[in-house]
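Okay, structure first, notes after.
Throughout, read-outs are computed from the coordinates displayed, never taken from laboratory work. As the structure is a computational prediction, the values presented were derived from the model and not from experiment. Positions of Cβ are backbone-derived with ideal geometry, glycine not excepted, and every protein chain shown enters the neighbour counts.
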Amino acid sequence: MQDWNEDDFDEEEYERERKEEEKRVANLPIVKKAKDLFVTINAFIETFTDEEDTLDLKSGLFNNVAIINAKIRGAEAGDLYSIRMENAVLIKVNAVDIKTTAYTLEIMEIGDADYIDIIKNEVDEFRKIFVEWVATFDRNNNMGDEWGIWTDE
């Protein structure tokens, strides 16, 4: 293993590569769609009154969409298949929770019905992009994990 030498570190090169990577990730269709979903959900929860949100559904929606956005960035931060898949599962769980909450709000007649339909449609669009994104994960770049998930061993 080669020792890291501070003298070999090129700060300008590092910063250039970091900015390129940041731009690449920001332009991914999944990142763009997750951001759209974040904006839509935030606009929707602003329409709630405190009296309407007796089940604290507003914070649940916000948490779900915030986790989705964070986990996409986490999956893109490295290239190990097991880590990317772990993040993908958490993204899926939170997207399904958003859709379930939308149906709950619809049944309980809480919030603007038009927003609820938009959110359900955006989650469906997100799912399609998500499936394409996950298909790009390199199964061969996998060290496995100590929990025995996503390993070939």
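A few points about this structure:
- Angle in degrees between helix 57-77 and the longest Cα principal axis of the chain, rounded to the nearest 10: 20
- Calculated [θ] (222 nm, deg cm²/dmol) that DSSP helices of n ≥ 4 give over the chain, each run adding -39,500 (n - 2.57): -23500 deg cm²/dmol
- Evaluated with a Cβ-only charge set (Lys, Arg +1; Asp, Glu -1), the chain carries a dipole of roughly 760 debye about its Cα centre, given to the nearest 20.
- Between the range 79-98 and the range 20-45, the alpha-carbon centres lie 16 Å apart.
- Short-range pairs are left out: with C-alpha atoms under 8 Å and at least six residues apart, the relative contact order of the chain is 27 percent.
- Neighbour net charge for Asp79 - beta-carbon separation under 15 angstrom, K R +1, D E -1: -2
- Degrees separating the helix 11-26 axis from the principal Cα axis of the chain, which is the longest one: 30
- Packing-based ranking, highest mean first, of 41-48, 15-22 given that Cβ atoms within 10 Å are counted: 41-48, 15-22
- Translational diffusion of the chain was estimated from the Stokes-Einstein equation, with Rh taken as the Kirkwood radius over Cα pairs; at 25 °C and 0.890 mPa s the coefficient is 140 µm²/s.
- Only one residue of Ile107, Phe38, Leu57 has its Cα farthest out toward the positive end of the dipole of the chain, where Lys and Arg carry +1 and Asp and Glu -1 on Cβ, and that residue is Ile107.
- Gaussian network model of the chain, springs between alpha carbon atoms under 10 Å - residue of Tyr14, Tyr115, Tyr81 with greatest fluctuation: Tyr14
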